[in-house]
1. Can you tally the net charge around GLN21? Count Lys and Arg as +1, Asp and Glu as -1, for every other residue whose Cβ sits under 12 Å from the Cβ of GLN21.
2. Per DSSP H run of at least 4 residues, take -39500 (n - 2.57); add these up for the chain, divide by its residues and hand me the 222 nm value, nearest 500 deg cm²/dmol.
3. Can you sort HIS74, HIS68 by solvent-accessible area, 1.4 Å probe, largest first?
4. Of all the accessible heavy-atom surface of the chain, with the other protein chains kept in place and a 1.4 Å probe, what percent is carbon and sulfur?
5. Taking only the Cα atoms of the chain, how large is their convex hull per residue, in Å³?
6. Residue separation times 0.36 nm, minus the C-alpha to C-alpha distance between LYS133 and THR112: what's the value?
7. Can you tell me, using C-alpha contacts under 8 Å and at least 6 residues apart, the relative contact order of the chain as a whole percent?
8. Could you tally the net charge around ASP106, taking each other residue with its Cβ under 14 Å from the Cβ of ASP106, Lys/Arg +1 and Asp/Glu -1?
Amino acid sequence: MRDTPLTQGDVRAQVVARLPQVTKLDGTYITPEERTEMERYCLAQCARSVNPDLPLLEQMVKMFPRAHELIEKHGMPSMPRKNESTLKSRLAKVVIEIVEGTVDADRIRSETRSLIPTMLVRQLRPVAVKLAKTRTFRIYLSNDNERWVEMDNDTRPISFYGIEDGSVIRIVV
């Protein structure tokens, strides 16, 4: 693929996300982290490209055949909101919970916060330090309290992980 015009733009992401059997592309191995990142990215791109007046999942599967499988693995990507003209309308109201040991443990305490989805994970860390009263923790996100996605890349906006109104962020200490 190195000498084709397809190497421009998002093609690497599309190839990695669409073809799980590919392990090496353009002379470099695809790491599990890169595959996860590319799958999430392509799901989000697909969700942004659909007509909001038609059934979302049907359209996504038509555009991206692995959509069902990847939604099961990573969760549904967050959808852009209509009428995002004011800051307040863009905020996502989330519950931040502190748990000890594992992500499935009972919560120690919780707090409701409004967060802007463009906030980076690294900007969420000081909030987590203040709430958890420790600097050693992991951050997870869920929109259904069943599937937890680790927010493991500090340079990503929290919207990359699918944050929306009603999401739960768990800080595991």
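1. Numbers: positive: ARG18, LYS24, ARG35, ARG66; negative: none.
Residues close to GLN21 contribute a combined charge of +4.
2. Numbers: 6 runs with 57 residues, N = 173.
About -9500 deg cm²/dmol.
3. On the way: HIS74 20, HIS68 110 Å².
Sorted by accessible area, descending: HIS68, HIS74.
4. On the way: 5300 of 10370 Å².
On the chain, the fraction of accessible area on carbon and sulfur atoms equals 51 percent.
5. Numbers: hull volume 24.1 nm³, N = 173.
Residue-normalised Cα hull volume stands at 139 Å³.
6. Numbers: separation 21, 0.36 × 21 = 7.56 nm, distance 1.70 nm.
Here the answer is 5.9 nm.
7. On the way: 250 pairs, mean separation 35.8, N = 173.
Dividing the mean separation by the residue count of the chain yields 21 percent.
8. Values: positive: ARG107, ARG109, ARG170; negative: GLU97, GLU100, ASP104.
Counting the neighbours of ASP106, the net charge comes to 0.
The values are calculated or read from the model by the stated rules, or taken from the named source; none is laboratory data. Given the structure is predicted, the values throughout are model-derived calculations rather than measurements. Note: ideal-geometry Cβ built from the backbone for every residue, glycine included; neighbour counts use all protein chains shown. Surface areas here come from the heavy atoms of the whole protein model, side chains and all, with no ligands, DNA or RNA. Shrake-Rupley method; radii C 1.70, N 1.55, O 1.52, S 1.80 Å.
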